[in-house]
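Q: Shown below is the structure under consideration.
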Amino acid sequence: MGDATTAGRPETATVPEAAESAPPGLDEAGLRLDVAGAVATVTLNRPERRNAMTFATWRGLAAIGRSLPADVRVVVLRGEGPSFSAGIDLGMFSGGGGGEGFTDGSDAEGTDRFIAELQEGYTWLRRPDIVSVASVHGHAIGAGFQLALACDIRVVAEDAKFCMKEPALGLVPDLTGTKPLVEIVGVGRALELCLTARTVLADEAARIGLAEILVPRDGLDAAVRDLADALLAVNPGAAAATKRLLWQAAENTLDEQCAAERREQIGRLREVFGS
């Protein structure tokens, strides 16, 4: 699937609080959680499968979101080995990939609940109390592409390759990726990327807004650490309030956004200058 170079672990060492906060079953889900102070690093950890994802992976991501320590302010998503993620484990089409196969959709309500459960592995990354950062190298395909899109900021290595593969498999992207994709590149470009399932290389990703920061492969970990340090330098309350404002801005009218700004600023003034 490509000739991407192998990524090492981030230099931040695992500390005892990581083991205490990690939900059970992460190893089986192909995930690793490292917590160092206010930074949590979630690693997709099936390098032998290029971090292909299963239902267990998505449930594990949701469990991490539910159990995240309250003092974590930055969450980094990264992939072990040569890729960020090759996307869905194709073994699940035949009941492999962890023992579960796809439902046939005949029970619409049950299938709706099932997909909603999996989507929870992505939606928590948009919480205002954290800033989520995707550290992307190698392939980010399908579910992996959508995981990067679920993050607030994408730091992308020059060897990154994005592809929205689901339509080519007869499916649709259903892990929350369609909304951010359209918001970033527009409907026309999103249609072209999804329906052709073509590969978007790192330079194009930066050009069309899929990557906020583009760096050489050997500079990826350092760039993510520098970004995390810069994000943590901001007042936590101001950071959360600003993220709330920015996330709602696109759907608000100008009057609504002005009112939202006033509400958030009143809260900040009370905290900063109140007795």
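Q: I'd like to know how the chain sits against the 2.2 N^0.38 Å rule of thumb: what's its Cα Rg over that expected value? Spell out each step's value before the answer.
A: Numbers: Rg = 18.8 Å, N = 275, 2.2 N^0.38 = 18.6 Å.
Against the empirical 2.2 N^0.38 Å value, I get 1.01 for the chain.
Q: Using Cα pairs under 8 angstrom and six or more residues apart, how large is the relative contact order of the chain, in percent?
A: Relative contact order, the chain: 15 percent.
Q: OK, next. If you rank 189, 127 by how much accessible surface each has, with a 1.4 Å probe, what is the order from largest down?
A: The most accessible residue leads, giving 189, 127.
Q: Could you check what % of the DSSP bridge pairs in the chain are antiparallel, to the nearest 5?
A: Roughly 30 percent of the DSSP beta bridges within the chain come out antiparallel.
Q: Students sometimes get this wrong: rank 28, 80 by accessible area, probe 1.4 Å, all chains present, largest first. Numbers along the way, then the final one.
A: Values: 28 150, 80 30 Å².
Reading off the accessible areas and sorting them downward yields 28, 80.
Q: Would you mind checking the tilt of helix 236-249 against the longest principal axis of the Cα atoms of the chain, expressed as 0 to 90 degrees and rounded to 10?
A: Relative to the chain, helix 236-249 is tipped by roughly 70 degrees.
Q: On average, how much accessible surface per residue is there in the chain, in Å², for a 1.4 Å probe, leaving out ligands, DNA and RNA?
A: 47
Q: Kindly provide the GluC sites (Glu not before Pro) of the stretch 207-275 that DSSP labels as loop, not H, G, I, E or B, and whose Cβ sees at most 14 other Cβ atoms within 10 Å. Don't skip to the end; give the middle numbers.
A: On the way: sites: 212, 251, 256, 261, 264, 271; in loops: 212, 251.
Here the GluC sites (Glu not before Pro) that fit, given the DSSP loop and packing criteria, are 251.
Q: Might you report the magnitude of the Cβ-based charge dipole of the stretch 101-235 about its Cα centre, with Lys and Arg at +1 and Asp and Glu at -1, to the nearest 20 debye?
A: 280
Q: With the cut-off at 1.5 for a/c, could you classify the stretch 179-248 from its C-alpha gyration tensor as rounded, prolate or oblate? Each step should come with its number before you reach the end.
A: Numbers: a/c = 4.10, a/b = 1.38, b/c = 2.97.
Note, shape of the stretch 179-248 comes out oblate.
Q: Hey, another quick one. Would you calculate, for the chain, the mean residue ellipticity at 222 nm contributed by helices, counting each DSSP H stretch of 4 or more residues as -39,500 (n - 2.57) and dividing by all residues, to the nearest 500?
A: Result for the chain, helices only: -13000 deg cm²/dmol.
Q: So what's the angle, to the nearest 10 degrees on a 0 to 90 scale, between helix 220-232 and the longest Cα principal axis of the chain?
A: 30
Q: When the Cα centres of the stretch 177-195 and the stretch 55-87 are compared, how far apart do they sit, in Å?
A: Each part's Cα centre sits 24 Å from the other's.
Q: May I ask you to give the percent of accessible area on the chain that is carbon plus sulfur, with a probe radius of 1.4 Å?
A: Answer for the chain: carbon and sulfur cover 56 percent of the accessible area.
Q: Do me a favour and compute the ellipsoid semi-axes for the stretch 235-274 from its Cα gyration tensor, root of five times each eigenvalue, largest one first, whole Å. Write out the running numbers ahead of the final one.
A: Values: eigenvalues 78, 28, 3 Å².
Semi-axis lengths for the stretch 235-274 are 20, 12, 4 Å.
Q: Another question, then. Between 0 and 90 degrees, rounded to the nearest ten: what's the tilt of helix 108-123 against the longest Cα principal axis of the chain?
A: 60
Q: What's the FRET efficiency of residue 90 with residue 249 using the Cβ-Cβ distance as r and R₀ = 45 Å, to the nearest 0.05?
A: 0.70
Q: Take every Cα-Cα distance within the stretch 150-275, group them into 10 Å bins from 0 onward, and report for each bin the whole-number percent of pairs it holds.
A: So the P(r) values, bin by bin, are 11, 30, 30, 21, 7, 1.
The values are calculated or read from the model by the stated rules, or taken from the named source; none is laboratory data. Note that the structure is predicted; figures quoted are calculated from it, not measured. Methodologically, a virtual Cβ is constructed for each residue, glycine included, from the backbone with ideal geometry; neighbour enumeration extends over all protein chains shown. Just the protein is used for accessible areas: all its heavy atoms, side chains included, with ligands, DNA and RNA removed. Shrake-Rupley method; radii C 1.70, N 1.55, O 1.52, S 1.80 Å.
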